[in-house]
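Peer 1: To start, I am sharing the structure in question, which I have written as structure tokens.
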Amino acid sequence: GMRAVVSAARRAATAAAAAPTSGGQSAVAGKKCAGESTALRQRAKALRHIDEFPEIYPDFVQSPVWNRRVPLREQLERADMLERRMQLDVPEFYVGSIVAVTTTAQYLGAKEHRFVGICIRREKPGLLHQFTLRNVIDGQGVEVMYELYNPTIKKIETLKLEKRLDSDLSYLIDAHPEFSTFDPHMEPVAHPAGTPVPVNQLKVKLRPPPWTRRWEVMGPAGVANAWEDATPWYKRKFHKTKVNDYEKYDLIAAYRTGSTLEHELKVEEEMQEFERQRHAAGLTRRRIFRSAAAAK
Amino acid sequence: LQMAGRSSSSLPLLIRSFSSRPLSNATLPTIQAAVGHIPQKLKTNGIEPNRRARLEVLRKIVTRMVREERAELQWNRAVETRPYLERLIQLAVEKGPSDEYTAEMVEWWLPEPGLDYKLFDVIAPRFSSVPAPFTGLYRLPSKRLEQYIQNKRVFWKRYDIGVLEIEGNPFPAVVSTPSTHSHLLLNQLLKKSLEAKLETMKEHK
């Protein structure tokens with residue numbers, strides 16, 4: 001009622017105020033809102049902080065389990081991770097991007113094996129970080145989990161850089177096969193540097209139930225008509241299902257599992273210092289700290 | 001033991017919400033208040049104590065805090081609510097009302113009409129150039145309240161009390177600084193007269 005009207009009016013007013021009438025004005029408005037005068041924000045600016053850091057470098061983000069955040073172990077792991085990233089070019093990719101991974105294969109003639117698929121999930125912090133690629137090969141759905149810091153990985157290529165509506169595409173296992181089929185010999189699609197990473201608004205159609213998980217309960221954003229496609233048995237069972245949609249409002253639970261700006265700035269500083277040292281040594285010009293969306 | 005943020009059912013009949021793309025992009029700084037790694041189980045009056053009920057208790061306290069800017073409450077509840085309040089104010093200061101995530105959080109955490117205006121236009125501007133913490137927590141002497149009488153014997157229950165407040169509130173400070181009264185006229189006159197008396201005594205000697 002009244003509150004919604006006030007909120008809507010406020011949002012409209014703020015949007016109108018933030019509309020770029022002139023560069024100076026919008027910059028001032030943004031500054032006031034963001035509290036940029038604090039030292040932390042100034043440090044973020046100096047380090048050219050990437051806002052999407054947890055999405056681009058999920059392996060450098062601290063463990064979601066509070067008690068497993070050990071600064072010494074993280075520091076040692078980060079040193080190894082940066083070392084590996086100087087040897088292997090790890091491109092930027094998200095869940096929903098199409099990735100090709102070439103691994104060593106001892107018993108194949110060419111001694112290497114290439115797998116192309118859509119990245120459906122990225123898990124685990126530090127050296128344990130893994131990502132799963134999905135594709136349909138000869139009518140059979142295949143999901144391959146790769147550990148990012150596995151030394152047998154020879155090459156990682158992002159064939160198509162994009163995001164989806166969800167950060168976890170596990171529902172593709174219950175979707176029609178055409179949503180998981182990608183040409184193993186597809187050519188890379190170049191992403192123009194400086195442009196934001198596109199979000200594919202595709203809504204996937206699920207196969208007839210039964211499904212591996214209860215997609216109809218908290219339908220992911222990237223699934224079309226999960227509730228409508230469910231059978232009446234599951235819809236009746238919904239009465240007994242304890243749906244906890246309210247958990248997204250628990251700010252501190254999100255804080256405990258999530259990342260902090262101080263940690264991200266520390267890692268960014270480490271990355272840049274490592275890069276500087278290696279470039280000064282003259283052996284490589286490979287860059288670790290970069291973002292496809294950031295303007296050059 | 002904290003659960004990782006994955007969509008796996010950990011308890012029977014309980015299904016967690018699937019991880020859709022999070023609305024908020026830029027990461028926020030650490031909360032400058034003590035955050036326990038185990039959430040407290042808050043006692044709920046008559047309602048089944050579960051995670052939803054706990055959030056409701058916290059929401060009521062946060063709403064009261066934004067409305068009144070200072071409150072006296074049970075110590076454990078004050079300790080539990082403080083980081084939530086800090087986070088909400090931090091969101092308002094860093095992101096502002098135009099951010100989708102902030103607007104959704106404020107809409108849920110402050111259901112009373114007019115409080116979103118208060119948070120964004122009254123409280124948040126105080127901290128635009130002031131670092132965290134945005135709240136203060138003080139401990140008061142514990143209170144004992146009469147619970148029941150049995151065979152003419154009174155049984156009490158003791159509660160630890162805390163005061164939670166948002167910085168910059170219009171009330172006088174919780175811990176008052178000791179004030180000096182030397183500058184008051186009467187004291188000045190007394191002082192001068194005593195000094196004069198001392199002078200005359202010295203002259204007499």
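The values are calculated or read from the model by the stated rules, or taken from the named source; none is laboratory data. Bear in mind that the values here come from a model prediction, so they are computed numbers and not experimental data. Because the Cβ atoms are built from the backbone with ideal geometry, glycine has one as well, and the counts that use them run over all protein chains shown.
Peer 1: Quickly run through the range B:64-107 and pick out the residues that are in contact with a Pro (Cβ under 7 Å, 6 or more places away or on another chain) and without any contact (Cβ under 8 Å) to a residue 24 or more places away in the chain.
Peer 2: Across the range B:64-107, the qualifying residue is only B:Ala103.
Peer 1: Can we say A:Glu275 is at the interface with another protein chain (Cβ under 7 Å from one of its Cβ atoms), at pLDDT 95 or above and either assigned to a helix (DSSP H, G or I) or over 27 Å from A:Thr38 (Cα atoms) (or both)?
Peer 2: no
Residue by residue, here is whether (1) part of a helix (DSSP H, G or I); (2) surrounded by 13 or more Cβ atoms within 10 Å (Cβ to Cβ) holds:
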residue: A:Tyr149; (1), (2): no, yes
residue: A:Asp168; (1), (2): no, yes
residue: A:Tyr171; (1), (2): yes, yes
residue: A:Gly194; (1), (2): no, no
residue: A:Lys235; (1), (2): yes, no
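Peer 1: Moving on. How many of the residues making up the range B:159-176 are exposed (fewer than 10 other Cβ atoms within 10 Å of the Cβ), in contact with a strand residue (DSSP E or B) (Cβ under 8 Å, 6 or more places away or on another chain) and farther than 21 Å from B:Lys118 by Cβ?
Peer 2: Count: 1.
Peer 1: Next question. Which condition does A:His176 not pass, out of (1) within 14 Å of another protein chain (Cβ to nearest Cβ); (2) surrounded by fewer than 19 Cβ atoms within 10 Å (Cβ to Cβ), if it passes all the others?
Peer 2: Exception for A:His176: condition (1).
Peer 1: Related question: If we only count strands (runs of 3 or more DSSP E) wholly inside the range A:64-145, which ones have 1 or more residues that are without any contact (Cβ under 8 Å) to a residue 12 or more places away in the chain and farther than 28 Å from A:Ala254 by Cβ?
Peer 2: Output list reads A:112-123.
Peer 1: When you look at A:Tyr246, is it surrounded by fewer than 16 Cβ atoms within 10 Å (Cβ to Cβ), at pLDDT below 95 and over 30 Å from A:Asp138 (Cα atoms), yes or no?
Peer 2: Yes; evaluated as a whole, the condition is true for this residue.
Each row is one residue, and each column tells you yes or no for (1) away from chain A (no Cβ under 11 Å); (2) closer than 25 Å to A:Asp166 by Cα; (3) in a loop (DSSP other than H, G, I, E, B); (4) at pLDDT below 95.
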{"position": "B:Ala4", "(1), (2), (3), (4)": "no, yes, yes, yes"}
{"position": "B:His37", "(1), (2), (3), (4)": "no, no, yes, yes"}
{"position": "B:Ile47", "(1), (2), (3), (4)": "yes, no, yes, yes"}
{"position": "B:Leu55", "(1), (2), (3), (4)": "no, no, no, no"}
{"position": "B:Val66", "(1), (2), (3), (4)": "yes, no, no, no"}
{"position": "B:Ala71", "(1), (2), (3), (4)": "yes, no, no, no"}
{"position": "B:Val79", "(1), (2), (3), (4)": "yes, no, no, no"}
{"position": "B:Gln90", "(1), (2), (3), (4)": "no, no, no, no"}
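Peer 1: Related question: So if I check each of A:Trp211, A:Trp227, A:Trp215, which one is more than 7 Å from chain B (Cβ to nearest Cβ), farther than 23 Å from A:Val95 by Cα and either part of a loop (DSSP other than H, G, I, E, B) or not charged (D, E, K, R) (or both)?
Peer 2: A:Trp227
Peer 1: Looking at the range B:163-171, can you tell me whether even one residue there is at the interface with chain A (Cβ under 8 Å from one of its Cβ atoms), part of a loop (DSSP other than H, G, I, E, B) and more than 20 Å from A:Tyr249 (Cα to Cα)?
Peer 2: no
Peer 1: Would you be able to say whether some residue in the range A:231-243 is under 30 Å from A:Arg68 (Cα atoms) and of a type outside the set (Lys, Arg)?
Peer 2: Yes, because at least one residue in the range A:231-243 is under 30 Å from A:Arg68 (Cα atoms) and of a type outside the set (Lys, Arg).
Residue-by-condition table, conditions (1) crowded, with 16+ Cβ neighbours inside 10 Å; (2) in contact (Cβ under 8 Å) with a residue 60 or more places away in the chain:
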{"site": "A:Ala253", "(1), (2)": "yes, no"}
{"site": "A:Gly258", "(1), (2)": "yes, yes"}
{"site": "A:Glu270", "(1), (2)": "yes, yes"}
{"site": "A:Phe274", "(1), (2)": "yes, yes"}
{"site": "A:Gln277", "(1), (2)": "no, no"}
{"site": "A:Ala281", "(1), (2)": "no, no"}
{"site": "A:Arg285", "(1), (2)": "no, no"}
{"site": "A:Ser291", "(1), (2)": "yes, yes"}
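Peer 1: Something else now. Restricting the search to the range B:124-156, which residues are in a loop (DSSP other than H, G, I, E, B) and under 17 Å from B:Arg70 (Cβ atoms)?
Peer 2: Those that are in a loop (DSSP other than H, G, I, E, B) and under 17 Å from B:Arg70 (Cβ atoms): B:Pro133, B:Phe134.
Peer 1: On the basis of being out of contact with any Pro (no Cβ under 8 Å at 6 or more places or on another chain) and within 14 Å of chain B (Cβ to nearest Cβ), does A:Lys248 make the cut?
Peer 2: yes
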